[in-house]
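Please read the structure below before turning to the comments.
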Amino acid sequence: MYRCAVPELMHREALARFGYALSDATRSSILLSLREGGRYPSDLADDIGVSRQTVSNHLACLRGCGLVVAVPEGRRSRYELADRRIRHALDDLVGLVLAVDPACCAEQGCC
């Protein structure tokens, strides 16, 4: 019997994009900051402690992944999560990782 693999491929690609976005500490920091609401790139750069150019490059990546959108406000753009469900997904992921083993990364020295 023929089984349609298109939805499965779409799901895999969506998860791969989300995983790629989270695989970088700066992109993860941006996403976590945007959980609280829209932010300007300059504010994100100051809060995260990286250059504005770095934030701009990572925001372009996150836009390409479909996770953030730019909202024009006059001559500036404010960035926000593309969908409220992304905030919930981030909250769930953070809670899950901490519930599974909060010392995981500390023991391995990766964080």
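Please treat every number below as a calculation from the coordinates, not as lab data. Computed from a predicted structure; not experimentally measured. A quick note on method: Cβ atoms are made from the backbone with ideal geometry, for glycine too, and the neighbour counts reach across all protein chains shown.
Here the alpha carbons of region 24-99 define both size measures, Rg and Dmax, at 12.1, 43 Å.
The value of relative contact order for region 24-99, using C-alpha pairs under 8 Å at least six residues apart, is 31 percent. Seen from Arg35, the other residues with C-beta closer than 14 Å to its C-beta sum to a net charge of -1, counting Lys and Arg as +1 and Asp and Glu as -1. The phi torsions of region 58-74, fed into the Karplus equation with coefficients 6.51, -1.76 and 1.60 and a -60° offset, translate into couplings of 6, 5, 4, 4, 5, 5, x, 7, x, 9, 10, 10, 9, 10, x, 9, x Hz, rounded to whole numbers, with Gly and Pro shown as x. Label reach from Glu73 (point 7 Å along Cα→C-beta): in region 26-43, amide nitrogens under 14 Å belong to 34, 36-43.
Here the Karplus relation 6.51 cos²θ - 1.76 cosθ + 1.60, evaluated at θ = phi - 60°, turns the backbone of region 82-89 into coupling constants of 5, 8, 4, 5, 5, 4, 5, 5 Hz, with x for every Gly and Pro. Straightening the chain between Leu96 and Arg63 buys 9.3 nm, computed as 0.36 nm per residue apart minus the Cα-Cα spacing. Model label sites at Ala14 and Asp43, defined 7 Å from Cα along the beta-carbon direction, differ in position by 2.9 nm.
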